[in-house]
Amino acid sequence: MSGSTESQGGFLSRRGFFGWATSLAAALGAAPPVFSTKGFSLSASSDGEDYYAKLGVPTIINAAGTYTTLTAACMPPEVLAAVQKAALHPVRLHDLQRKAGEYIARRLQCEGAVVTSGASGAISLATAACLQHANNINILDMPQAIDGMKNQVIVQRAHRYEYDRAMYLCGARVTEVVTLDDYKRACGAGNAVMTNFFNAAEDEDGIAASAQIGREEWLRVAHEYKIPCHLDAAADMPPISNLWTYTGMGFDLVAFSGGKGIRGPQNAGLLLGRKILTDLAHANNNPGDGIGRGMKVAKEQIVGMVAAVDWVLSHTEESMQGDYQKRVDLIAGAVKGIPSVRTETVVPKIANHVPHLLIRFDPAVTGVTTGQIVDALRTGTPSIELNPNTGQKPNQGIPADANTLVVGVWMLQPGEDAIVGQRIRAALTKKA
């Protein structure tokens, strides 16, 4: 089964956003998460040249979320300062990776941690670690020399996605299952090195929602057969507690994106879990010669992830969500009173678990369509991108439809909520 957006009836999520973004004419929005409970300004420093302007690349207002194609989250000042300071001094990279992993593991209540090149890099390193653990092989044996060895990763058919390729890099192959009996047979075949569970699929519609095996049952069966269980939780923070909930449940390895809700560097991520496996992931990571050699994480990104973990843990869930809700309320107030316009706040249960504003309207009354509004926001100054669920069928816990604008607020910088509200009101009240 293909995990592409097209093959899943317009399914839009982290798995399908890249393909969606490459055809903007067919799309109606874009973007995910960012929070600033203490408030901060990301205006350009007078000490450095504005290279976006120099290169002719316009900046945008991100009313979508933490999507990679929109360069994900902006780092808060504390994280940015740590990155800048780290850039000033060389260190021994192995020492920095090891110490950073130990520190993050303590803070996030797990045995081991690795700073990776994003969540996709974490999946590759997780797979490499499990291949090595199952076959007792050298890191240089992957991917060529594993023919005849254990090499299967068990995945529910409904959980297939483009990130399978992160596992293929190591020489692993995917065994699809549908029912619980399928899963038990695949585990009992004796050739599996890992199982992979796509966490956000639990809150999706369409094919992804057809998965028959929940995460607890998935984990229980894997452990019955002594197979390590990996959880892809890339976009699944907040809530902050997810950073230790899934390892606490018993998942052997859990991948998080660094540049989404954690607010670290976009080209970084975390792999958390059992130390015996995270140690193997470290061994396969850069600057060694294993699978992770090209997935380089620089000293600045490693320090940035440590600082981002500290930054996240300095906040409370209530303060973060309250800040986002204020932005939602401000934008909702800006469109109040427009004929046929209704607003609603929704919070997806899993991925991008923050308030999103739904603005529903009747094109026959407003005289403007969803596509025209999206185009007006995108082509205006500053350019504004809405969440990709805009104008789409219900998905990812967001009950949108063809006449619904979806506004993601958590990546907005101070003052941008007012701009977004004003621009949406102007678009809704301008007859086509």
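The values are calculated or read from the model by the stated rules, or taken from the named source; none is laboratory data. Not measured: the values here are computed from a predicted model. Methodologically, a virtual Cβ is constructed for each residue, glycine included, from the backbone with ideal geometry; neighbour enumeration extends over all protein chains shown. All accessible areas refer to the heavy atoms of the entire protein, side chains included, with ligands and DNA or RNA removed. Shrake-Rupley method; radii C 1.70, N 1.55, O 1.52, S 1.80 Å.
Contact order for the stretch 136-220, expressed relative to its length and based on alpha carbon pairs under 8 Å spaced 6+ residues apart, stands at 35 percent.
For the chain, the fraction of C-alpha pairs more than 32 angstrom apart is 38%. Ordering Met295, His223, Pro239 by the projection of their Cα atoms onto the charge dipole of the stretch 223-328, which places +1 on the Cβ of Lys and Arg and -1 on the Cβ of Asp and Glu, puts Met295 at the extreme positive end.
Computed with a 1.4 Å probe over protein heavy atoms only, the accessible area of Asp147 comes to about 130 Å². Given R0 = 22 Å, the distance between the Cβ atoms of Asp279 and Lys226 translates into a calculated FRET efficiency of 0.75. Sorting Thr68, Thr116 on solvent-accessible area from highest to lowest, probe radius 1.4 Å, gives Thr68, Thr116. These residues, Arg185, Arg157, go from largest to smallest accessible area, 1.4 Å probe, as Arg185, Arg157.
Protein-only accessible surface at a 1.4 angstrom probe places the residues Glu102, Glu49 in the order Glu49, Glu102, largest first. Lys150 contributes about 80 Å² of solvent-accessible surface, heavy atoms of the protein only, 1.4 Å probe. Taking packing as the residue-averaged number of other Cβ atoms within 10 angstrom, the listed peptides 349-355, 362-368 run from highest to lowest as 349-355, 362-368. Using the Cβ-Cβ distance between Glu111 and Ala364 with R0 = 60 Å, the FRET efficiency computed as 1/(1 + (r/R0)^6) comes to roughly 0.55. Any chance you could run the full-extension gain for Tyr51 through Leu140? It's 0.36 nm times the residue separation minus the Cα-Cα distance, nm to one decimal. Full extension of this stretch gives 28.0 nm more.
Ranked by the mean number of other Cβ atoms within 10 Å per residue, highest first, peptides 262-269, 225-232 order as 262-269, 225-232. Label separation (Ser241 vs Lys349): 1.6 nm, computed from points 7 Å beyond Cα along the C-beta direction.
Can you give the calculated 222 nm mean residue ellipticity of the chain, where each DSSP H run of n ≥ 4 adds -39,500 (n - 2.57) and the sum is split over every residue, rounded to the nearest 500 deg cm²/dmol?
Here the helix-only value at 222 nm equals -10500 deg cm²/dmol.
Using a cutoff of 8 angstrom between alpha carbon atoms and counting only pairs six or more residues apart, the relative contact order for the chain works out to 24 percent.
For the stretch 307-410, a Kirkwood hydrodynamic radius built from all Cα pairs, placed in the Stokes-Einstein relation at 10 °C and 1.306 mPa s, yields a translational diffusion coefficient of 107 µm²/s. Quick check: from the Cα gyration tensor, does the stretch 196-316 come out rounded (a/c under 1.5), prolate or oblate? Oblate is the answer for the stretch 196-316, as a/c is 1.5 or above yet b/c matches or exceeds a/b. Annotation: Asp47 carries an accessible surface of approximately 150 Å², with a 1.4 Å probe and no ligand, DNA or RNA atoms counted.
Multiplying each eigenvalue of the alpha-carbon gyration tensor of the stretch 158-242 by 5 and taking the square root yields semi-axes of 20, 15, 14 Å, largest first, rounded to whole angstroms. Summing Lys, Arg as +1 and Asp, Glu as -1, what charge do residues with Cβ under 15 Å from the Cβ of Thr116 carry, Thr116 excluded? Every neighbour counted, the sum reads +2. Shown for the chain: the carbon plus sulfur share of the solvent-accessible area, taken with all protein chains present and a 1.4 angstrom probe, equals 53%.
Report, to the nearest 10°, how far helix 215-224 tilts away from the longest principal axis of the Cα atoms in the chain, using its own Cα long axis and a range of 0 to 90°. On a 0 to 90 degree scale, this one is about 10. A viscosity of 0.692 mPa s and a temperature of 37 °C, combined with the Kirkwood radius over Cα pairs in Stokes-Einstein, give a translational diffusion coefficient for the stretch 84-208 of 199 µm²/s. Accessible surface calculations at 1.4 Å, restricted to protein heavy atoms, place the chain at 41 Å² per residue. If the segment from Asp95 to Arg342 were pulled out straight at 0.36 nm per residue, it would be longer than the present Cα-Cα gap by 83.4 nm. Axis of helix 370-379 versus longest Cα principal axis of the chain: the two differ by about 90°, to the nearest ten degrees. Here the convex hull built on the C-alpha positions of the stretch 95-166 has a volume of 131 cubic angstrom per residue.
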